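Report on the structure given below.
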Amino acid sequence: MEIMSLTYWIIFFILIVGIFIVFFKMFEKSKPTVENIVIIAILIAIAALGTLPTAAIPGVQAASFIIIMTGIVFGKKTGFVTGALTPIVTGLFLGLGFWTVLQMIGWGLMGFTAGILSKKLKNNTPSRAVFGLSWGILYGWITNIGMLPFLGTISLGSVLGVYAASFTFDLIHGIVNAILLILLFGTFERIFLRAKEKYFLEGK
């Protein structure tokens, strides 16, 4: 178990380094202005605020909705950065740990894929709902990896047990995402587009 734990920490240290290399590479190529950085900081703060009030209720939070909206409106790079850095801010209030890395990966990929599929997601409500539902479950699958090293024995049954135990909460997360993307998409799209047009300079 000690060897496994050591290996686990080494893997996650490498993942942290990799995430931040990607982060800085993206920023280096895009040459962000002060306005861009301020907007991204505000988006991260909004996403974090979407988690903190309901932190005691598993699966119920609006951070994923904000991160998906960020990817759709501001693009895949900003979606990834906002998603990847949001867990650090929430972690300052709720606690940081090895799970933070998995949250960074999950939310970062959520924002990134939302940016990639932005054209389809903007114009198709059912697609947005399915995307939100799917990412609620996928996010849970990614963060569940953090539980595996603490299992007494790694087997198919024990791994499936971990994922089965969290499925209800992951499903709730996905349903909340879908509902918010159906009901609030238009409102947040208008707000984010105004901010993007006024302050966000793409390719700078």
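The values are calculated or read from the model by the stated rules, or taken from the named source; none is laboratory data. In this text the structure is predicted, and so the values were computed from the model without any measurement. Glycine also receives a Cβ, built like all others from the backbone with ideal geometry; neighbour counts cover every protein chain displayed. Just the protein is used for accessible areas: all its heavy atoms, side chains included, with ligands, DNA and RNA removed. Shrake-Rupley method; radii C 1.70, N 1.55, O 1.52, S 1.80 Å.
Only a single criterion out of (1) in contact with an Asp or Glu (Cβ under 8 Å, 6 or more places away or on another chain); (2) farther than 24 Å from LEU117 by Cα is not satisfied by ILE11, namely (1). The residue that is farthest from ALA48 (Cα to Cα), counting only those in region 67-98 that are without any contact (Cβ under 8 Å) to a residue 40 or more places away in the chain and surrounded by fewer than 24 Cβ atoms within 10 Å (Cβ to Cβ), is GLY97. In region 31-60, the residues that are free of Cβ contacts under 8 Å to residues at least 60 places away in the same chain form no Cβ pair under 6 Å with any partner that is among the charged types (D, E, K, R), whether six or more places apart or across chains. Within region 53-69, the residues that satisfy the criterion of being part of a helix (DSSP H, G or I) and over 20 Å from VAL101 (Cβ atoms) are PRO53, THR54, PHE65, ILE66, ILE68, MET69. GLY157 fulfils the conditions (1) modelled with pLDDT under 90; (2) under 21 Å from LEU49 (Cβ atoms) except for a single criterion, (2). I'd like to verify a number: residues in region 89-103 that are modelled with pLDDT under 90 and within 24 Å of THR7 (Cα to Cα), how many? Total meeting the criteria: 9. State whether one or more residues within region 99-109 are touching a residue at least 60 places away in the same chain (Cβ under 8 Å), β-branched (Val, Ile, Thr), closer than 12 Å to SER64 by Cβ and open to solvent by less than 80 Å² (accessible area, probe 1.4 Å). Taking every residue of region 99-109 in turn, none turns out to be touching a residue at least 60 places away in the same chain (Cβ under 8 Å), β-branched (Val, Ile, Thr), closer than 12 Å to SER64 by Cβ and open to solvent by less than 80 Å² (accessible area, probe 1.4 Å).
Is it true that PHE80 is among the hydrophobic types (A, V, I, L, M, F, W, C) and either closer than 20 Å to ILE44 by Cα or touching a helix residue (DSSP H, G or I) at 6+ places or on another chain (Cβ under 6 Å) (or both)? In short, yes. Report yes if ASN144 is open to solvent by 40 Å² or more (accessible area, probe 1.4 Å) and not aromatic (Phe, Trp, Tyr), otherwise no. Spelling it out, it is not the case that ASN144 is open to solvent by 40 Å² or more (accessible area, probe 1.4 Å) and not aromatic (Phe, Trp, Tyr). I'd like to know if region 167-174 contains one or more residues that are within 30 Å of LYS198 (Cβ to Cβ) and either of a type in the set (Ser, Thr, Tyr) or open to solvent by 50 Å² or more (accessible area, probe 1.4 Å) (or both). No: region 167-174 contains no residue that is within 30 Å of LYS198 (Cβ to Cβ) and either of a type in the set (Ser, Thr, Tyr) or open to solvent by 50 Å² or more (accessible area, probe 1.4 Å) (or both).
Among the residues of region 110-126, those that are open to solvent by 40 Å² or more (accessible area, probe 1.4 Å) and more than 16 Å from the chain's Cα centre (by Cα) comprise LYS119, LYS120, LYS122, ASN123, ASN124, THR125, PRO126.
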